[in-house]
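To keep things clear, I will list the structure first and then write my remarks on it.
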Amino acid sequence: MTNLLAPLQSLQQGRWFKLICGASYQHLPAVRSLTLAYTLAGADCIDVAADPAVIAAAQAGLLAAKDLVRDAQERGFGFQGNLPLLMVSLNDGEDPHFRKAEFNSSHCPPDCSRPCEKICPAQAIVFNNIEDSFSGIVAQKCYGCGRCIPACPYDIIDTVSYVSTPEAIASLARGNAPLIMSTGIEAIEIHTQVGRLAEFQRLWSVLASGVDKLKVIAISCNDHEGLIDYLQAIYKIIAPRPQVVIWQTDGRSMSGDIGDGTTIAAIKLGQKVLAANLPGYVQLAGGTNSYTVPKLKAMGLLQEALVQGAGSKGENSSPLHPAPRPSASIAGIAYGSYARVLLSPILEKLENQEVSHTSIKATGRLEEEPELLWQAVELAHSLVSQLKSQRYP
């Protein structure tokens with residue numbers, strides 16, 4: 001079980017770092033390796049798809065990290081063994097985070113230059129795969145960014161979307177306990193959009209039996225007319241539980257690896273939600289990358305967010321259960337596509353080594369390749385430390 005004090009203190013100090021593996025990303029080896037590397041680098045939360053196999057892969061990464069505490073400290077990473085919260089993502093309606101691209105490769109003209117393959121950040125599009133001559137989209141790797149769709153000169157790429165319906169959530173149950181009550185899941189994130197209050201309420205009612213077990217809930221929403229009124233209505237539904245609420249401002253979904261301009265939308269939306277003084281913490285997402293922390297720092301938006309944990313007259317508050325009051329500044333940053341792409345060269349090497357090992361049984365476990373492991377942690381730490389190394393007046 002996670003030492004909850006450490007992640008929640010990061011929220012209070014404005015240093016919360018969340019890794020987004022992807023709400024529809026199901027490449028299990030990568031999820032395990034990403035979880036391991038970013039945990040050792042000091043992440044506070046790992047957000048994964050609400051899929052039992054994906055959750056198990058992330059938990060395996062967390063367990064592997066526990067055995068490497070001393071090694072990480074000796075290498076100067078400062079990992080104290082406090083595991084990040086494990087979060088699962090759900091949605092109350094159609095959402096770009098919950099989709100995958102698809103196409104029939106037999107419809108591709110032989111002379112096509114295959115721009116879709118070149119533009120895919122997840123390397124999910126392949127043609128004539130060496131192992132099995134497969135051509136098309138590797139569904140487990142696709143996380144629905146949609147960049148391949150406009151790139152296709154023949155307009156034959158489509159998407160398939162899915163929704164976390166009550167029936168789907170029920171299918172993820174373990175025995176009589178809902179998914180969110182299973183071991184290791186202490187937080188959920190609900191992706192919603194303005195105008196879907198009835199759908200949100202329906203999803204929330206399905207989750208009700210397990211909500212009291214949660215320590216954190218994040219509400220992810222992009223900008224739209226009426227956003228603040230919508231978020232206020234959502235808070236009325238979820239109050240007075242759970243204890244910690246995070247408003248995730250989804251600036252430009254899954255675009256952080258494109259360039260510095262993408263982070264502006266996330267910051268702008270973060271400022272808008274901060275100004276609304278909603279109870280809870282504000283955390284950026286959607287377009288976050290290596291430019292995000294410097295921009296926030298230059299704008300004076302990375303100050304301590306201790307207001308929420310200070311309590312107020314008539315409220316009970318503690319380090320584990322801070323009173324739900326408005327955050328004074330940006331409390332944290334979630335990194336998705338940028339964080340994954342940052343480590344993709346290492347993960348590709350690991351995968352290639354697994355394929356090339358013919359004389360021994362290759363497991364594909366990052367911790368069994370020390371050179372690659374610490375290269376991955378170093379890269380992850382280069383991103384995490386931007387936020388963790390901030391000094392406040």
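The values are calculated or read from the model by the stated rules, or taken from the named source; none is laboratory data. None of these values were measured; they are calculated from a predicted model. We place every Cβ from the backbone using ideal geometry, glycine too, and count neighbours over all the protein chains shown. To get the accessible areas, we keep the full protein, side chains included, count just its heavy atoms, and leave off ligands, DNA and RNA. Shrake-Rupley method; radii C 1.70, N 1.55, O 1.52, S 1.80 Å.
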Mind listing the phi-derived Karplus ³J(HN,Hα) values for the range 141-148, rounded to whole Hz, using 6.51, -1.76 and 1.60 with θ = phi - 60°, and x for any glycine or proline? 8, 6, 10, x, 5, x, 5, 6
At a Cα cut-off below 21 Å, give the lysines reachable from Lys268, other chains included and same-chain residues fewer than 8 away excluded. Lys18, Lys295, Lys297
Tyr230, Tyr154, Tyr235, reordered so the largest accessible area comes first (probe 1.4 Å): Tyr154, Tyr235, Tyr230
What residue among Ile119, Ala58, Ala139 has its Cα farthest toward the positive end of the dipole of the range 13-160, where the charges are +1 on Lys, Arg and -1 on Asp, Glu, each on the Cβ? Ala58
3J(HN,Hα) from dihedral phi, the range 379-387, Karplus parametrisation 6.51/-1.76/1.60, rounded to Hz, x for glycine, proline: 5, 4, 5, 4, 8, 4, 5, 4, 8
With every protein chain present, what is the per residue accessible area of the range 95-147 (1.4 Å probe, Å²)? 53 Å²
Sort 273-279, 137-143 for me by packing, meaning the mean count of neighbouring Cβ atoms within 10 Å per residue, highest on top. 137-143, 273-279
On a straight-distance basis, which aspartates and glutamates could pair with Lys272 in a cross-link, Cα separation under 19 angstrom, same-chain partners fewer than 8 positions away excluded? Asp223, Glu225, Asp229, Asp250, Glu304
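Using per-residue counts of other Cβ atoms within 10 Å, averaged over each peptide, order 266-272, 222-228 from highest down. Could you put the intermediate results ahead of the total?
Details: 266-272: 21.0, 222-228: 14.1.
Peptide ranking by packing, descending: 266-272, 222-228.
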Rounded to the nearest 20 Debye, what is the dipole magnitude of the range 179-289 about its Cα centre when Lys and Arg each give +1 and Asp and Glu each give -1 at the C-beta? 280 debye
What list of ³J(HN,Hα) values in whole Hz, one per residue of the range 189-195 in order, does the Karplus curve 6.51 cos²θ - 1.76 cosθ + 1.60 (θ = phi - 60°) give from phi, with Gly and Pro shown as x? 10, 10, 8, 9, 9, 3, x
Amide H proximity to Tyr281 below 5 Å, modelled H, separation 5+ or other chain, gives Val245, Ile246, Trp247
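Could you order peptides 288-294, 75-81, 104-110 by the average number of other Cβ atoms within 10 Å of their residues, highest first?
288-294, 75-81, 104-110
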Mind checking which lysines have their C-alpha under 17 Å from Lys349, skipping anything on the same chain fewer than 8 residues away? Lys141, Lys361
